[in-house]
1. Looking at this structure, is T53 outside the structural domain of S214 (by TED's automatic domain parsing), out of contact with any strand residue (DSSP E or B) (no Cβ under 8 Å at 6 or more places or on another chain), of a type in the set (V, I, T) and in contact (Cβ under 8 Å) with a residue 12 or more places away in the chain?
2. Among the residues of segment 129-139, how many are within 32 Å of the chain's Cα centre (by Cα) and crowded, with 21+ Cβ neighbours inside 10 Å?
3. Need the failing condition index for V262 against (1) more than 25 Å from the chain's Cα centre (by Cα); (2) in contact (Cβ under 8 Å) with a residue 40 or more places away in the chain, just the number.
4. Looking only at residues that are assigned to a loop (DSSP other than H, G, I, E, B) and within 40 Å of the chain's Cα centre (by Cα) in segment 140-160, which one is nearest to L63 (Cα to Cα)?
5. Just to check your reading of the model, which residue among L59, L108, L43 is within 40 Å of the chain's Cα centre (by Cα), assigned by TED's automatic domain parsing to the domain that holds C171, assigned to a helix (DSSP H, G or I) and in contact (Cβ under 8 Å) with a residue 12 or more places away in the chain?
6. Among the residues of segment 446-457, is there at least one that is outside any helix (DSSP H, G or I) and over 15 Å from G405 (Cα atoms)?
7. Tally up the residues in segment 95-126 that are under 22 Å from R48 (Cβ atoms) and surrounded by fewer than 20 Cβ atoms within 10 Å (Cβ to Cβ), please.
8. Is it true that some residue in segment 76-87 is assigned to a loop (DSSP other than H, G, I, E, B), among the charged types (D, E, K, R) and within 42 Å of the chain's Cα centre (by Cα)?
Amino acid sequence: MTGYQVLARRWRPQRFEDLVGQDVVVRTLRNALSSGQIAHAYLFSGLRGVGKTTVARLLAKALNCEKGPTPDPCGECGACQDIAAGSSLDVLEMDAASNRGIDDVRELREVARVLPVRDHFRVFILDEAHQLSKDAFAALLKILEEPPAHVVFILASTEKDKFPATILSRCLQIDFRPIPADLVAARLTQVAGNEGFELTPGAAQLIARATEGSLRDALSLLDRVRAFAEGAVDENAVAEVVGLPPFEVVLALWRALEGGDVAAALGLVRAEERSGRDPAALFEQLVQLLHALLLLATDPTAQAPFPDAHRPAMAESAGRLGPALLVRLLALALEGKGLVAAAEKPGVAVAVAIGRLALWPRLQRVEALLAGEPAPGAGGAPAPPSRSAPPASAASPVAAAGSPGARLAAALEAMGEHLLAGRVGAVREVAVAGDTVVLRCGGLPASTRKSLREAVETLAAAVRRAGLGERVEVDENGAPAGRRDQTLRARVEADEGVQRVLEVFGGRVESVEEKP
């Protein structure tokens with residue numbers, strides 16, 4: 001009785017057309033094979049499980065097929081079958097992690113000088129080639145500089161940055177990309193259908209998200225979940241095996257955060273901990289959901305690695321919040337990932353990070369208050385001033401209502417004296433005594449008092465424009481101390497911004513001081 005062969009091996013691609021998510025790589029190699037532009041050394045780099053070693057074997061088949069070199073190896077000749085079985089004498093695979101010394105590379109150099117036994121090329125596939133020692137790289141460099149015509153080297157690695165520049169410059173570098181989650185899920189569904197067991201769409205998506213672009217890891221995980229489920233593989237089975245939360249839990253957490261419900265959000269975190277799942281995995285899934293929401297907010301047709309049944313709800317939520325706010329929430333979540341990664345107790349760090357995210361409605365309201373805008377959800381915003389309103393004339397007031405200081409500042413703004421209007425706004429008190437407007441400037445910086453004193457004529461013109469009187473007097477000493485403090489406190493407590501902050505945070509004004 002033959003032993004069971006895992007899905008990752010049984011479903012290893014045997015043709016270029018079977019590769020998933022590596023269209024650029026396939027096109028590059030097929031064009032090179034068709035035109036005869038075959039390099040003597042290739043460097044395949046990328047995430048684990050995306051097809052580097054598989055493509056190396058397919059390239060070896062394409063080079064040594066009886067019809068080759070060809071972009072479409074037959075798969076039936078002796079060379080193709082031996083390479084697929086790993087028994088070809090002219091295709092040597094070496095694990096550079098365990099054969100990383102200079103002696104191993106010297107032996108490889110000696111073998112490379114020998115002509116092929118049967119095929120067109122001697123192909124050397126060095127897996128995890130970045131683990132070669134410094135001396136081994138130096139020995140390999142010599143044969144890469146002057147390779148025999150019948151030799152092709154294929155170096156595969158997950159860490160291209162560890163290669164010496166001298167090696168990189170002598171290889172044709174081909175980068176393998178992480179496979180999109182939707183393509184991984186589609187491949188898993190195809191494999192399940194051919195293997196004769198049921199795999200729900202939610203389970204396929206969850207496996208694809210958990211393996212982060214590695215199809216081999218996804219097939220290996222599908223093997224584990226299939227053994228656990230003993231039948232149909234659904235999302236709950238995947239969640240149990242992997243320790244990831246079902247999407248409904250992630251979506252419920254997002255709803256709590258969206259509504260600013262800190263208690264509900266932290267309650268979901270505690271429930272995940274009680275069920276034995278890692279809260280850090282829940283937070284990671286939340287980050288992925290925020291990224292998907294941001295994509296949907298900018299492009300409603302964007303692909304999202306989540307079940308299609310939940311897409312309308314996600315699109316509605318993304319459209320309501322908008323890209324700007326989702327960018328800020330995602331940035332806050334990414335900061336939380338750093339906090340979780342560095343924490344001794346990830347559960348506590350996740351609670352803190354999720355608590356911060358849940359507070360975003362309050363922060364948004366505070367920001368609006370500080371900016372002098374109506375808070376989100378307030379009863380209504382004041383109507384903006386009409387740009388078509390006619391300018392006030394000298395015979396009529398600029399504003400029908402308002403304090404004398406506000407009316408004087410408005411008149412100065414209408415005259416284009418913006419800087420002077422700002423200085424009037426800083427004055428402690430603007431009082432009207434008969435036909436004279438008195439500016440009490442006690443406590444203001446000397447430079448401000450001087451500029452007001454020198455602008456009396458301009459101020460008088462603004463006073464007349466505002467209908468407040470005829471003359472202006474600048475009182476640099478101000479009111480008596482008791483009255484001065486009382487007036488300042490009244491101004492502060494009457495300020496609309498102060499009132500809004502007190503309304504949001506509670507409390508009261510204890511004391512008011514004005515610094516020069």
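The values are calculated or read from the model by the stated rules, or taken from the named source; none is laboratory data. These figures come from a predicted structure and were not determined experimentally. Heads up, the Cβs are rebuilt from the backbone with ideal geometry, glycines too, and the neighbour counts pull from every protein chain shown.
1. On the way: outside the structural domain of S214 (by TED's automatic domain parsing): yes; out of contact with any strand residue (DSSP E or B) (no Cβ under 8 Å at 6 or more places or on another chain): no; of a type in the set (V, I, T): yes; in contact (Cβ under 8 Å) with a residue 12 or more places away in the chain: yes.
When the stated conditions are applied, T53 does not pass them.
2. Total meeting the criteria: 2.
3. The one condition V262 does not meet is (1).
4. Keep residues of segment 140-160 that are assigned to a loop (DSSP other than H, G, I, E, B), which gives 146-150, 158-159.
Okay, now just the ones that are also within 40 Å of the chain's Cα centre (by Cα), so 158-159.
Details: T158: 24, E159: 26 Å.
Ranking the qualifying residues of segment 140-160, first place goes to T158.
5. Working: L108 fails: within 40 Å of the chain's Cα centre (by Cα); L43 fails: assigned to a helix (DSSP H, G or I).
None of the other options fit; the residue is L59.
6. For segment 446-457, residues outside any helix (DSSP H, G or I) and over 15 Å from G405 (Cα atoms): present.
7. Qualifying residue count, segment 95-126: 4.
8. Of the residues in segment 76-87, the ones assigned to a loop (DSSP other than H, G, I, E, B) are 76-77, 86-87.
Those left that are additionally among the charged types (D, E, K, R): 76.
When the remaining residues are screened for being within 42 Å of the chain's Cα centre (by Cα), the result is none.
Looking for residues that are assigned to a loop (DSSP other than H, G, I, E, B), among the charged types (D, E, K, R) and within 42 Å of the chain's Cα centre (by Cα), one finds none in segment 76-87, hence no.
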